[in-house]
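Here's the structure, in structure tokens; my notes come after.
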Amino acid sequence: MISKEEIQNLAELARLKLTEEETASLQKDISNILDYVGQLSASKGVSADKEASTDHPLMTYREGDASLSAPLVHNVMREDLPRLASGKAGTPHASDDTLAGKEESLKAAFPKRESGYNVVRKIIQKDE
Amino acid sequence: MSNLAELSITEAAKKLQAGEITSVDLIRACREAIVARDASIHAYLEVFADAEEQAKAADEKRKNGESHPLLGIPLAIKDNILIEGRTASAASKILENYVASYDATVIKKLKEAGAVFIGRTNMDEFAHGSSTENSAYGPTKNPHDESRVPGGSSGGSAAAVAAGFALGALGTDTGGSIREPASFCGLVGFKPTYGTVSRAGLVAMGSSLDQAGPLTHTVADAEIIFNTIRGKDALDSTSHEAGFYPKREIKKKIGVPRGLLANGVDADALEHFEESLEKLKAQGYEIVDIELPSAGLALAIYYVIMPAEVSTNLARFDGVRYGLSLRGDNLWEDYAKTRGEGFGPEARRRIMLGTYVLSSGYYDAYYGKATAARAQLTAEVARALDAVDFIATPSAPSPAPKLGENASDPLKMYLLDIFTVTANLTGNPAISLPMGVVPREGKNLPVGIQFTAAHGDEAGLFTVGKQLLGEVQ
């Protein structure tokens, strides 16, 4: 079973505050789920060679067989030019942009707002 | 007039076009059903106060000569799809007060068609679940038996359509979240090929798995919604145009992975499954056995890939720019308190699991292995679909479970998705169709059959679906 310390370390990494009770129940749940997905490591059929695991799985499934079907995932390139969020050519924030006129509603969502700015906590603090 | 709310979209569109009814009539019929029953079903998190105004505007458009099969049709929208100016909470406390500042691309397209949004529907928080019991706002109940779950995570959307609270609904499907509730509520549920429908404006869960799609009474209705929302979108670089995949020749062949059905499927559900196949046989289909050796691993693969993507996607909820924001003694405490209290237990569980499988030292053993197995499974499904048009399985191993039945055992809940996760991992389109009812404790509960097709072969799924359900082509 996964240890209490491991759960606490994961919670720290995931930025979650857990109660004692939840730490204990997560120990049990995560261990059960890891046991279940452990059958992947146990299965002989699956080769975890580097090549297969570094590319996107939906990109390589028909290597050398490209004529049969277009790959599901492929690189999407575009010219490095300013364009609207809508995809049309133009300078961002032009009047027909998808996000044009949305500034106020985006700001309205700020948890704490002052003179149109989002107030956040000071990141670097003095040692006390 | 409440029977108007039980019309299919196709029937309602005909009546609207003929001037027999108005969109306002439809909205009122849905509202009547909602008032009568949604207090106990709890399909909606919010019924929009301006629904009737939207309907009036749609009726006005029709008078001015506009027409579209969805013009004036009341649709229910899952709470993880953004509609500008309206709350989109993903049934989470962390987004309780979040108001969308733009329309999801699917919403933009539905608005252009003139559809009417009647409300936002309940769901498992962030779409994490198979029963809608993980909503931060209480569970939804199955209209066929209120002691049972509607399925999930699009359970509110499914219940809304099944109970006549809307003529159709949008859901999202990451591991079966459209198809499994469709199966439990006796509806058609459709997950398109990955990339066919834009994900822009959906609250992301598993970005390599998510697709939005319809929950409807008929296959023709699902097709209407799909044709409206599909298409390439500059805001989603994984999206592509219709015609991206080559057209396929129809072989009238259906493959059944018998090995997967041997254990765990209810016997009476399996009988309906065989009957459905017989019906198709009578229409000239050939039914053959196929092997998908890695399909038995699909759920294990899914429960590595999905939480990995979930923990990544949910990292954005930090209380800095929007949503719940709690303060602690320092910055770390701000984050941890906001996330600890804002996320429900299942979201926290998946974030923890995802963080674990992506941690250095475990990455190769879990994520690397799952990615390799996913590639293998995708290749197997593609090969199988070279020989047959469709792969058929039940949509779920059983009809809807009781509320609370799986509450103490997350793994048991996950097993409800055993037949649906494969299509998300491999990107294939899949549809769940009603295949009959099975009696449980004096109630008749719907069960569904699932067909999976080759990438881009949505048309094939609609054809076989209409043939099975006897819909006029």
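Below is a table of values for the structure above.
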| item | result |
| --- | --- |
| Fully extended contour minus Cα-Cα distance, from residue B:359 to residue B:411, at 0.36 nm per residue | 16.5 nm |
| Selection of trypsin sites (Lys or Arg not before Pro), segment B:284-357, meeting DSSP coil and at most 16 other Cβ within 10 Å | B:321, B:327 |
| Normalised convex hull volume, segment A:4-46, alpha-carbon set, Å³ per residue | 71 Å³ |
| Simple Cβ-charge dipole of segment B:368-473, Lys/Arg +1 and Asp/Glu -1, about Cα centre, in debye nearest 20 | 280 debye |
| Residues of type lysines that residue B:252 reaches as a straight line, Cα spacing below 21 Å, ignoring anything fewer than 8 places off in the same chain | B:279, B:281, B:466 |
| Under DSSP loop assignment and at most 11 Cβ neighbours within 10 Å, longest GluC sites (Glu not before Pro)-free interval of chain B | B:21-240 |
| Pair residue B:383, residue B:316: separation of 7 Å Cα→Cβ label points (nm) | 3.8 nm |
| Computed lengthening from residue B:20 to residue B:268, 0.36 nm per intervening residue step minus Cα-Cα distance | 85.1 nm |
| Calculated FRET value between residue A:8 and residue A:113, using beta carbons and R₀ = 35 Å, to 0.05 | 0.50 |
| Computed label-point distance, nm, for sites residue A:103 and residue A:125 using a 7 Å Cα→Cβ extension | 3.3 nm |
| Long-range HN-HN contacts of residue B:253 with modeled amide H, under 5 Å | B:286, B:389, B:390 |
| DSSP beta bridge pairing in chain B, given as percent antiparallel to the nearest 5 | 70 percent |
| Which of B:153, B:276, B:40, A:25 has the fewest Cβ neighbours within 10 Å, and the rest in rising order | B:40, A:25, B:276, B:153 |
| 3J(HN,Hα) from dihedral phi, segment A:13-29, Karplus parametrisation 6.51/-1.76/1.60, rounded to Hz, x for glycine, proline | 5, 8, 6, 10, 9, 10, 7, 3, 4, 5, 4, 5, 6, 5, 3, 5, 4 |
| Rounded if a/c under 1.5, otherwise prolate or oblate - segment B:396-436, Cα gyration tensor axes | oblate |
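Each value in this text was obtained by applying a stated rule to the coordinates, not by laboratory testing. For clarity, every value in this text was computed on a predicted model and none was experimentally measured. No Cβ is skipped: glycine too gets one built from the backbone with ideal geometry, and neighbour counts run over all protein chains shown.
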